[in-house]
Every structure is written in structure tokens, then in C-alpha cells.
Amino acid sequence: MSIRTALRITPALLLLGLALAGPWIAPHAVDAPVTAPYAEPGSAAVLGGDQLGRDVLSRLLAGGRDLVLSSLLVAVLVTGTAAVLGAIGAVRPIVGRLVERTADVLMLLPAVLGILLVTLSWPGGGRFAVIAAAVVLGVPYAVRLAASAASPVAATGYVEAAAAGGERLWYLVVREILPNLRATLLALFGLRFVAAVYLVATAGFLQVGPQPPAADWALMIRENSSGILLNPWSVVAPGIAIGLLALSVNLAAATLAPQTGRKAVTVL
């Protein structure tokens, strides 16, 4: 691994590790007041207090784990489902046309409306309902990209030879097509992770999923927006954390994707 690659993936690893380990290293309990409401940063609270006087830093450290895990799960499910459907559609054109028409219809559904529809129809679903909604909303976009990348691979000679030799559909998909889509799928994973962070954070801001007094970055922005002039860190800190998380993971995925461009050839 080169130094440049390490520098590109290190921010994502640090942020993911900090978000996952945050609840254990928070200096204060996330639900215990330690300062006055919207107190300025001080020795008792490095980033000040929120609307109830709770430590912003502690809630910031504890509020990212569920967002990270939910977004990673959504990105994996969306990328995996889109890859399989796209590969099957490339090998079986009839299935491909059906998948594309279904994706076209689902893409007409606005993201916020889709989240509300799924969560309201599943009142006790909580974060699982949000994950289900994010997967349903993400697959239509991802499957179009996966199908367009799989079509040239399915038309290559070795895939056609395997199909003519009587190989089953799943063999063609798993052994012949998907291994040749590593670069596309890694890039797609990064994009879907960013979209998942956006959708899960939007659901949290709308109080669909996590509920007060839970520590959640999007929920912190909603709860403390009225006191942003008193203690800006109660809103700015979780906003920066969400943005850095999405950008760093997307950069890491793009860095780890195999480079498929043409290489320069030295003429002797």
C-alpha cells in the first residue's frame, strides 16, 4: 500500500473507529446535565452544553455509532442487491427490462416521502424501518449503474462460452460477471454510503427512528437549532461530523477501487 493510498483511507478509518468507540470514551453520561442550557465551551464541557445542559462532546461521541452502522448496512444491501440484479439482467434481457422498468417507477418517489411512507406503515419498526426505506429507495438508482457496467462483461467471449457450455445462471453471475465489476461496485458502495448517510440523517432530523433523549447527530441538529446563536457547537459539530463521515468513506472507497484505465506503454 502506497503512502498516498494510506493518507486517503486513514481519515475514514479514524472517523469510523471514533464513531464506533465513541460511547465508551465519552467523558460524561449522554443524558446527564453538566452545565447550564446552551452554555459556552468551558472546562466542564469542551464544546459547551445543549438545550438541557448536557455535554455536547459526549453526545457527539456517542451519537455516531448507530448512524455509521445503519449507513454501512444500507450501502452493503443496496450495492449487493443492485449488483446481483444488474448481472442477472445483463445475462437475461427480459429480466433486465423488467428490473429497469420497476426501477424507473421507484425513482419517481421522493426520498423523504418514501421514508415517511415506510416508517408510518411500520410504526414499531424504528431504525429498522428507516434502513428498509433507505434500501428500497437506493436500489433503483444503483441497479441502473450496475446493469450498465455488467452488460459489456456479459457480452464478452468467455461469458458467452460459459453460457454455451451449459453453465447455470448463478455460476455466470457469481463467477464470471461480478468479479469483473470490483472497481464499479466499490465506487458504487461509496456513493450509496453517502446517500445512506443523507437518508438516515434526514430520518433522524424528522425524528423518524431515533427519539429523544437518544444521542444522534441528526437529532442533535434538530433539538439544538433554536440555540445555535447561544452555543453554535451544539449544531455545527454534529453537522461537520456527518459531512466528514460521508466524504471520507466515499474517498476511501474510490481509492481502494482498482484502476481500470489505460496504462502508458514505454516505447523502446
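The value of relative contact order for the stretch 176-234, using C-alpha pairs under 8 Å at least six residues apart, is 20 percent. Here the contact order of the chain, divided by its residue count and restricted to Cα pairs under 8 Å and six or more residues apart, works out to 25 percent. With θ taken as phi - 60° and the Karplus curve 6.51 cos²θ - 1.76 cosθ + 1.60 applied, the whole-hertz 3J(HN,Hα) list for the stretch 34-42 is 10, 9, 6, x, 6, 5, 6, x, x Hz, x standing for glycine and proline.
Whole Å is fine, so just give me how far the alpha carbon centre of the stretch 41-72 lies from that of the stretch 98-147. Spelled out, the Cα-based centre of one part sits 30 Å from the other. Each residue of the stretch 183-196 was assigned a 3J(HN,Hα) from its phi angle through the Karplus expression (A = 6.51, B = -1.76, C = 1.60, θ = phi - 60°), giving 4, 5, 6, 5, 5, 5, 4, x, 5, 6, 5, 4, 5, 5 Hz with x at Gly and Pro. Put a plus charge on the Cβ of each Lys and Arg, a minus charge on the Cβ of each Asp and Glu, and nothing anywhere else: the dipole of the chain about its Cα centre is then about 800 debye. Taking every protein chain into account, the accessible area of the chain amounts to 52 square angstrom per residue (probe 1.4 Å). Rounded to two decimals, the Cα-based Rg/Rh of the stretch 1-130, with Kirkwood Rh, is 1.15. Quick check on the stretch 206-262: take the gyration tensor over C-alpha atoms, sort the square-rooted eigenvalues as a ≥ b ≥ c, and tell me if it's rounded (a/c under 1.5), prolate or oblate. Prolate. The charge dipole of the stretch 142-268, taken about the Cα centre with unit charges on the Cβ atoms of Lys, Arg (+1) and Asp, Glu (-1), comes to about 280 debye, rounded to the nearest 20.
Global size of the chain: 22.3, 74 Å for Rg and Dmax (C-alpha atoms, Rg to one decimal, Dmax whole). Of V194, G204, L169, whose Cα points farthest to the positive end of the dipole of the stretch 121-213 (charges on the beta-carbon: +1 Lys, Arg; -1 Asp, Glu; origin at the Cα centre)? Of the options given, the answer is G204. Split the accessible area of the chain by element, probe 1.4 Å, and carbon with sulfur accounts for 69%.
The values are calculated or read from the model by the stated rules, or taken from the named source; none is laboratory data. As the structure is a prediction and not an experimental result, all values here were calculated from the model. Methodologically, a virtual Cβ is constructed for each residue, glycine included, from the backbone with ideal geometry; neighbour enumeration extends over all protein chains shown. Protein only, heavy atoms only, side chains kept; ligands, DNA and RNA dropped before computing areas. Shrake-Rupley method; radii C 1.70, N 1.55, O 1.52, S 1.80 Å.
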